[in-house]
Ligand code: OX2
């Protein structure tokens, strides 16, 4: 049974279910119910609606013996779930009505839900969008990851500087999940390997339990639902009674503490590797549990092990789960008696790997001695995989080299396909990091340009624009985003333009109110909202944006009565706690904001705001309100970007470089609707070869020199001349990310943006053309690509 033939939900039925849960699940009388109680009751009532389609989908998959996709990811940045479910089940209106009949405001209840922040940024959010599309397309799939007790840290600003505190989403009950105590696997670490009767035996030293928690992921109109299965680490032995009886009460808890550490926290790094033992254990922990689980499911259907690739497609989201290759080979050899060759071959036919970055610091590798100590059996298996790879291809690329186990090479060799995440990135994968492996396996690399789910990133977060699109071209775009191109026929229509501006104004008002309530800051909603939201990183160049802000401030002060375009520069994003330069950039942005926002000369023309603790829910408010999207990374460094897609889809033209998916966005929305500047990836590479390029670029730019001079003089740091010497030194001496070389063109392009923004019909046309042109960037298109080119699966309904 699908939701199609389930009894339709009405406001009355939902209301009575909410009341029932309030009483029976929360044990509360409506008179004494708190916001939390109402949220729990609403969530439980909604969750009930998901269960039937979920069961039906599982049943259908078993009955049809359909191939399943297993998406292995260290991160699933899912955010809040109430809206996700009401939108997908098409019951948002009903939920609003039901809550209101109970005297509650639905949107207040929704905003009370903590974000499930089980990810750092793009990589984790992509996994969440993919889960949404897999369910919408009815492709049987499981997401496998870690149920971190603490998601991404909470960011605070103290005197303009980032501080971090632990996030605690599980402090309250996570009402969407079902605990599965019966689904648990022993995961081993350490020990040694012996050879007995020609077989290897692993004698592990340490064991923890991986215990499953399932969250249903429902697709559009509730026609299909898949499972997100997250693993929590638990002790095999709950409690050390001997220690307790000896009076060692702390020691008695040691087994639990040790085990729980593994799923305790999400590593807060984005595109940098963290070579800690705990991280390797986390990776093996969830990967091993997932592989064991999918094998159990496969065998329970009466299949023969040789048939595995016909039933199982495993996607590795970056190298974090790359140990899946050796783990599957180990189980096939040690537990299922396959030959080495057959095991490698079978595993490879199941596995595919997505590369998300070319940054060398992000390419995972483990010291071989550490690796061999934690995973001695896998160490041997990797040596065996390497030998066969070297023999079969004649390649000289090794997986273990200079005392390091290289996870990118491992994932590549063990995958039948390797994909990049934008056209440019996939080409660079072929030409740079994996060029030698590409020569050895020329058919292995392909491209799947990223996408975003239009359910969350337009339909749900932007009701104003959704309504206008429905009124203008109908609703076919809900399931086929490329229908948005029908908007092209209306771009010059004055009444459409006016309605488009009205929708944007509504969203800007909503954001302004949100910021006022949250931080007491007042925004000028008639100003251009210029937004850069993403992790703070040198390659993303938030510092170029803030330096440009200072330059603009200077120009306005030099000539305050000129025809300036008022702007609000909005920043959002976190820096990895150990990334000192990124933290300096945050400090600088906040310092500049404090100075500029208090300048009576410019205060009506230029404002800088940086709301702390950027997350998915904040993105849902900021993105619809944006006028200008900043996608200004150094060309060749942003693998794809997905924030760029969300902003453009919501009618916010891009100022950006030819990097990642920007290239394809520009092609789809039209070059005339994109503000392009900067070096190309090739030019950037060539530039780095020119001795002293950055100092020369700075000295030849009066605008940039002046800005850097002001920072060096302490203009933004209460006279402290050294506060930003790290940034200044970096820019003058080794500006690897070429801020100095792109700055002048960026500044000039911003002035062009100013001029176009004042031409209201022209700007509106551009903004709407962005929405019209972005249909291709639906993650439904991306998932269809993976299904066809990589997984060999398709929709089953
Ligand atoms: C990110 C990439 O930096 C970003 O460009 C891309 O859009 C996203 O992944 C999804 O593909 N950690 N985060 C990323 O890569 C890594 C590694």
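The values are calculated or read from the model by the stated rules, or taken from the named source; none is laboratory data. A quick note: this is a predicted structure, and the numbers were derived from the prediction, not measured. Every residue, glycine among them, receives a Cβ derived from its backbone with ideal geometry; neighbour counts consider all protein chains shown.
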Legend entry - Unmet requirement for residue 380, which otherwise passes all of (1) surrounded by fewer than 16 Cβ atoms within 10 Å (Cβ to Cβ); (2) touching a residue at least 40 places away in the same chain (Cβ under 8 Å): (1)
Inset, instruction - Kindly indicate the residue of region 363-377 that is under 22 Å from residue 433 (Cβ atoms) and surrounded by fewer than 20 Cβ atoms within 10 Å (Cβ to Cβ) and also farthest from the ligand (Cβ to nearest atom) among those meeting that condition. - result: 368
Legend entry - Set 757, 693, 732: member being surrounded by 15 or more Cβ atoms within 10 Å (Cβ to Cβ), at pLDDT 95 or above, touching a strand residue (DSSP E or B) at 6+ places or on another chain (Cβ under 6 Å) and in the same structural domain as residue 501 (by TED's automatic domain parsing): 757
Legend entry - Boolean, residue 577 is within 17 Å of residue 163 (Cα to Cα), surrounded by fewer than 21 Cβ atoms within 10 Å (Cβ to Cβ) and at pLDDT 95 or above: yes
Legend entry - Residue match in region 387-402 (condition: within 16 Å of the ligand (Cβ to nearest atom) and either in contact (Cβ under 8 Å) with a residue 60 or more places away in the chain or in a strand (DSSP E or B) (or both)): no
Inset, instruction - May I ask you to list the residues in region 708-751 that are assigned to a helix (DSSP H, G or I), over 20 Å from residue 634 (Cα atoms) and touching a helix residue (DSSP H, G or I) at 6+ places or on another chain (Cβ under 7 Å)? - result: 710, 711, 712
Legend entry - Yes/no for residue 593 being in a helix (DSSP H, G or I) and either surrounded by 17 or more Cβ atoms within 10 Å (Cβ to Cβ) or at pLDDT 95 or above (or both): yes
Legend entry - Criterion (surrounded by fewer than 22 Cβ atoms within 10 Å (Cβ to Cβ) and within 28 Å of the chain's Cα centre (by Cα)) met by exactly one of 97, 92, 75, 63: 92
Inset, instruction - Scan region 199-224 for residues that are assigned to a strand (DSSP E or B) and over 30 Å from residue 373 (Cα atoms) and jot them down. - result: 214, 215, 216, 217, 218
Legend entry - Close pairs from region 416-437: first assigned by TED's automatic domain parsing to the domain that holds residue 317, partner more than 15 Å from the ligand (Cβ to nearest atom) and in a helix (DSSP H, G or I), Cβ under 6 Å, at least 6 apart: none
Legend entry - Any hit, region 98-119, residues being farther than 15 Å from residue 230 by Cβ and within 16 Å of the ligand (Cβ to nearest atom): no
Legend entry - Tally of residues being in contact with a helix residue (DSSP H, G or I) (Cβ under 7 Å, 6 or more places away or on another chain) and either under 19 Å from residue 187 (Cβ atoms) or in a helix (DSSP H, G or I) (or both) across region 342-376: 13
Inset, instruction - Return a yes/no flag: does region 149-157 have any residue that is within 16 Å of the ligand (Cβ to nearest atom) and crowded, with 18+ Cβ neighbours inside 10 Å. - result: yes
Inset, instruction - Would you check which residues across region 438-488 are in contact (Cβ under 8 Å) with a residue 60 or more places away in the chain and within 16 Å of the ligand (Cβ to nearest atom) and list them? - result: 446, 448, 449, 450, 451, 452, 453, 456, 457
Inset, instruction - Report, by residue number, each residue of region 635-655 that is more than 13 Å from the ligand (Cβ to nearest atom) and farther than 13 Å from residue 619 by Cα. - result: 648, 649, 651, 652, 653, 654, 655
